[in-house]
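Quick notes on the structure that follows.
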Amino acid sequence: MASAHARIPRHSSARAMLRATGLFGLAFVIFAAVLLAAGKDPIRAYRDILSSTLVDRYGFSEVLVKMIPLMLTALAVAIPSRIWLINIGGEGQLYMGALFATWAATYFAALPAWELLPLVAALGFLGGGLWAAISGVMRAYGWVSETISTLLLNYVAILIVSFFVFGPWKDPESANYPQTAEFVAAARLPTFFGTRVHLGLLIALVAFIVYHVVLTRTRWGLEIRAMGGNMEAARRSGIAIGRYVLVLMFIGGGLAGLAGVGEVSAIQGRLRPSLSPGYGYTGFLISWIAGGNPYGIVASALLMAVITAGGDVLQMAHRLPGSVVNILMALMLFVVLARRRVP
Amino acid sequence: MHNVEPLVALRGITKSFPGILANDRVDFDVYPGEIHALLGENGAGKSTLVKVLYGIHQADTGTIQFGDRAVQIRSPHDARRLGIGMVFQQFTLIPALSVVENVALFLPHLPAVLDHGVIARRIEEVSGRYGLAVDPWAPAWRLSVGEQQKVEILKLLLARSRVLILDEPTRVLVPHEIDGLFRVLAGLREHGYAVVFITHKLPEVLTCADRITVMRGGTVAGTLVRAEATERGLVGLMFGTAWPEEGSSRREPIRESARPLLELREVDTSGDGVSLRQITLTIAPGEIVGVAGVSGNGQRELGDVILGLTQTAGGKKIIHGQDATRWSVDRIRRSGVAFVPEDPLRMLIVPPLSVLENMALADTRKYARHVGLTVDWIAVRRDLEQSTRRLALEMLPPAVPAGTLSGGNVQRLSLVRELSIDPRLIVALYPTRGLDVRGATAARHLLLAMRNRGAGELLISEDLGELFSMSDRLIVLYRGRIVGEARPKDTTVYEIGRLMTGGVAGG
């Protein structure tokens, strides 16, 4: 089949897991060499990372906290990728979701929590969704490739958020800090077990189940799989491809917007320009590694969350710069891309 | 006529591919200083024969004599070393490189350091001699199709080829470029080159060829010198003369008064490939309109316009009496229009989905339950079985991915799926291609039965026998225009064949 687009390869889940495991193993081995070169004991470093993330109760809760936006932004990539759309705009969609959510939390602050929270979440979804739908429209009409437009709109979204937090929405009480006023308690997503793990985790897991069920059981899933399997045949069978481009971009962007909701409403409690340390891009990496497979996304998100948290460990316990884990992430991307043969 | 020895002589070439005998004991000679046209329908075995000569295919049996010695041509590399070169339908220039660089890449014994100036001078010298003028320094992407073809020929000449094979060289050219190409070929002939030139257009053959070999069904139907050749004689050789007259007894009168199912009024299209020009066509209930034509003359475009995949650039499309010019594919299909596409694996089947899932794609709205939250697979399966039974085919395994089916079964699935909706209008492109005799007969019977029940059909086929036996009316497409229309009983295969290959009606 001749598809002009780069393709996220799909596999059966077992094979995808096996494959991802092998690739990650390779990346870890190379990173170990980097640690050795920096004069550190890689085995100790890995052991420290593990013991402070997966084994430690607080550490694990922080891993889950990071997994929430990663899973949602990965889904934001995976869903449009079923019909060969490449959404690199998770980061911008996350920011627009946060912006819309902040607006709702500020202007409807008087509402009770059971009305305000759904409103905040819905507007966050809408913000991210509309932002992605811009690219969807431009693609559906054949004006601009969504790959380019989603990427570029990331910068626009971040600048829009900056405009609001430096300007009209700036909290007058926060001296020179560019941030909005703190959300009212009714606009804060509930957290569990005294940790920062919040309701977003449940939302993300529900989103996975819905994604899976829609794709495998419904009429729309059948049409999506038809487009993914043979776009030309789908067009000739009368499937409204433009409509799906728009809807899948909207849903994907909406989920990234929900990731933004979680960050402002549960983690930060206010809108700041430094809302996300690149969750949108890491989500893209995760989706790519997992080949769009739901289980693979959860597993990869877990791994990426551990690595991100591991950066703090390396910084504190091994006196390495925290950004050293970026090397590991880059290695992951590298081995993932390298597995595909150049035609 | 020739008192010289042939440059290349192919003897008893037989080549089979799984399921078909592409060449059956073919003899073929190429003399120096001649233009030798290889004429035949698609699938007649022309391409296979020249690919054997150029070393892309190896013959199962048969010999190739080059000059006075027997040779083995195992690869295009071997062929080029012997001085045999080929210009493909798809040009092989690298767009970013200049003409000089493209030519240099093709030359044998390329030195490590290229002197572009030397190559450019050689290009100019050779191109001046044969009327192949191109700017050697132009990047290939800037060249027109005609110029690209010149560069392809220049590549062969500079690589010292003596036998030039051109695979349908006129297909991509506009008329004045065709004249130019023929002048180039005539010049090459004067200098002793041998030119083998594949085509299925009769006027071209009669204009420029010295000798004509006609292939049909994998064998040589005849080799003529030009003086002996007439359009009528060539058509007879190309299409054969024995035509099955089955089916005529099944005809019943067309209900002339009935409102047409489909009307095209002066429809034009623009875009890639062939553009349709001023197509006016009606299909009434209970009528099969056959479309004859050499493929690539607008058949696919005609189907796409009716399907709504291609927008019209002018004219009107009326389906069931309603203006459907701007209807979507979905709306047209839902109005009871079925399409049997020319290449089902690419245009109809979704390979990773199962047979059953592919079946459901015929009409997902119909099979949806609970507003689309679930799909009624039992109904899909029932329709699959029912439609299969009506076609008298064997049931396809429902759970198997469609991409793993054989070519014939893909064609069966295509028919089963499209005819399951009980269509009022059927557009069928080559519906029996890839089917065995029994399957093809069953498909024809079904199409006739649907016609007798009142469906209208547009039958696009390359099989003139099929068209004559099935159609109530025939139209001929040539370069995007309808160049002839007749009832099968009022015309002959010769007449239709001449129109198909660009001849003028009545001549």
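Laboratory data are not the source of any read-out in this text; all were calculated from the coordinates shown. No experiment lies behind these values; they were computed from the predicted model shown. Don't worry about glycine lacking a Cβ; one is built from the backbone with ideal geometry, like all the others, and counts go over all protein chains shown.
Computed quantities for the displayed model
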quantity	calculated
Whether chain B is rounded, prolate or oblate, judged on the alpha carbon gyration tensor where a/c under 1.5 counts as rounded	prolate
Extreme residue, positive dipole direction of the range B:451-507, given options B:P488, B:G454, B:L499 (C-beta unit charges)	B:G454
Fluctuation leader among A:A133, A:A76, A:A186 - chain A, Gaussian network, Cα springs under 10 angstrom	A:A186
Residue exposure sequence - B:L110, A:L302 - by fewest surrounding Cβ within 10 Å	B:L110, A:L302
Test item: A:237-244 mean partner chain Cβ contacts at 10 Å	5
For B:M215, residues with placed amide H under 5 Å, excluding near neighbours	B:L39, B:G40, B:A221
Ranked B:V329, B:V195, criterion: other C-beta atoms within 10 Å, fewest first	B:V329, B:V195
Ordering of B:314-323, A:89-98, B:6-15, A:45-54 by packing [mean C-beta count within 10 Å, highest first]	A:89-98, B:6-15, A:45-54, B:314-323
Net charge contributed by nearby residues that have their C-beta within less than 11 Å of B:D115 (K/R +1, D/E -1)	+2
Likely footprinting exposure, A:E146, B:E231, B:E152, fewest C-beta neighbours within 10 Å first	B:E231, B:E152, A:E146
Mean separation of Cα contacts under 8 Å (6+ apart) over length of chain A, as relative contact order %	34 percent
Helix-derived mean residue ellipticity, 222 nm - over the protein assembly as shown, DSSP H n ≥ 4, -39500 (n - 2.57), to 500	-15000 deg cm²/dmol
Cα Rg over Rh - the protein assembly as shown, Kirkwood	1.06
Within 10 Å of each Cβ in A:221-233, the average number of Cβ atoms from other chains	6
Of A:A233, A:A113, A:A78, the one that fluctuates the most in a GNM where chain A has Cα springs shorter than 10 Å	A:A233
For B:G454, residues with placed amide H under 5 Å, excluding near neighbours	B:G286
For chain A, size of Cβ-based charge dipole, Lys and Arg +1, Asp and Glu -1, in debye	1180 debye
Student exercise, the protein assembly as shown dipole from Lys, Arg, Asp, Glu Cβ charges, in Debye to nearest 20	1320 debye
